[in-house]
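Undergrad: Below is a structure I'd like to ask you about.
The values are calculated or read from the model by the stated rules, or taken from the named source; none is laboratory data. Predicted, not measured: the structure shown is a model, and the values here were computed from it. Positions of Cβ are generated from backbone atoms using ideal geometry, with glycine treated the same way; all protein chains shown enter the neighbour counts. Note: areas computed on protein heavy atoms with side chains; ligands, DNA, RNA excluded. Shrake-Rupley method; radii C 1.70, N 1.55, O 1.52, S 1.80 Å.
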Amino acid sequence: MSVTLRPVTAADSDRLLAWRNSPAVSAYMYTDHLIGPEEHARWLAGALTASDRRYWIIEDDGAPVGLANLVNIDLTRRRCEWAYYLGEASVRGRGVGAAVELLVLDYVFGTLKLNKLWCEVLLENEGVWKLHQSFGFEREALYRQHVFKAGRFQDVVGLGLLAADWEKARPACAERLAQKGYGPSELTLIAEERG
Ligand SMILES: CC(C)(COP(=O)(O)OP(=O)(O)OC[C@H]1O[C@@H](n2cnc3c(N)ncnc32)[C@H](O)[C@@H]1OP(=O)(O)O)[C@@H](O)C(=O)NCCC(=O)NCCS
């Protein structure tokens, strides 16, 4: 039982497009149009090279199951934004997502030494913003009618976690994960030097 985050490569292209276009993922993203090969290729080229972003494939016992990313890494303000999904919906609900949270938060605050991590989640995706809150994120904003999706305007919640919040929340989060079978030796994030 292990969760590993390893950098995305060009060889992941097909699986990423299939996940992103699947209803199990697109239902939770800001846009849900069918993404074609050209739009996907442009996105992937940026994902593989931009110095202010990092993309990882989430592996569950070595099998690729999802995508995690940091975007808008701002070394001046020492903050960045993040998101992730499990493209293989069958693995949801058994702790993989929580393992990703711990790995990414340790990377952001421990390795990159940033001061703040933030994200946006559809208000209706309540389970997910509560999952973030269980890792110490505070709800900082409610953006009304912020995206147009599935034929209607939808509200979005803004969440933020400070380095000091993570220092306080981390021990209990790590303990909770260990109880689910994800101790430190089951969790790996492979970092990538860029920019
Ligand atoms: C968000 C996501 C990655 C969570 O991963 P997961 O492996 O299913 O989550 P876990 O099994 O680690 O759950 C961790 C905790 O969050 C809760 N949780 C997770 N997703 C939930 C949901 N949709 N509704 C209610 N609770 C949820 C779990 O009950 C669990 O609580 P516990 O610690 O008290 O047991 C996954 O559900 C997913 O890919 N969703 C679709 C994409 C998405 O919404 N991404 C976020 C967009 S910002």
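Undergrad: Considering lysine pairs in the chain that are 8 or more places apart or on different chains, how many have Cα atoms under 24 Å apart?
TA: Lysine pair count for the chain: 7.
Undergrad: Along the charge dipole of the chain, which of LEU189, SER51, LEU159 sits closest to the positive end, that is, farthest toward it, with unit charges on the beta carbon of Lys, Arg, Asp and Glu (+1, +1, -1, -1)?
TA: Toward the positive end, the furthest listed residue is LEU159.
Undergrad: Can you pull the one-decimal nm distance between simple spin-label points at HIS40 and LYS113, each 7 Å off the Cα toward Cβ?
TA: With each label placed 7 Å out from Cα toward Cβ, I get 4.0 nm.
Undergrad: What percentage of all Cα-Cα pairs in the range 128-185 are separated by more than 14 Å? Working shown, then result.
TA: Working: 1076 of 1653 pairs.
For the range 128-185, the fraction of Cα-Cα distances above 14 Å is 65 percent.
Undergrad: Leaving out ligands, DNA and RNA but keeping every protein chain, what accessible area does MET29 have, in Å² rounded to the nearest 10, with a 1.4 Å probe?
TA: It works out to around 50 Å².
Undergrad: Let me ask something additional. Give a quick list of GluC sites (Glu not before Pro) in the range 82-184 that DSSP marks as loop, anything other than H, G, I, E or B, with at most 16 other Cβ atoms within 10 Å. Provide the component values of the computation, followed by the final result.
TA: On the way: sites: GLU88, GLU101, GLU120, GLU124, GLU126, GLU138, GLU140, GLU167, GLU175; in loops: GLU88, GLU124.
Hits after loop and neighbour filter: GLU124.
Undergrad: Once the Cβ-Cβ distance between SER134 and THR49 is put in as r, and R0 is 41 Å, what FRET efficiency do you end up with, to the nearest 0.05?
TA: Numbers: r = 34 Å, r/R0 = 0.83.
Computed FRET efficiency for SER134 and THR49: 0.75.
Undergrad: Would you work out the relative contact order for the chain, in percent, from Cα pairs under 8 angstrom that are 6 or more residues apart? Walk me through the numbers before you get to the answer.
TA: On the way: 319 pairs, mean separation 46.4, N = 195.
Worked out over the chain, it gives 24 percent.
Undergrad: Provide Rg over Rh for the range 3-189; use the alpha carbon set for both Rg and the Kirkwood Rh (inverse mean inverse pair distance).
TA: Values: Rg = 16.1 Å, Rh = 17.1 Å.
A ratio of 0.94.
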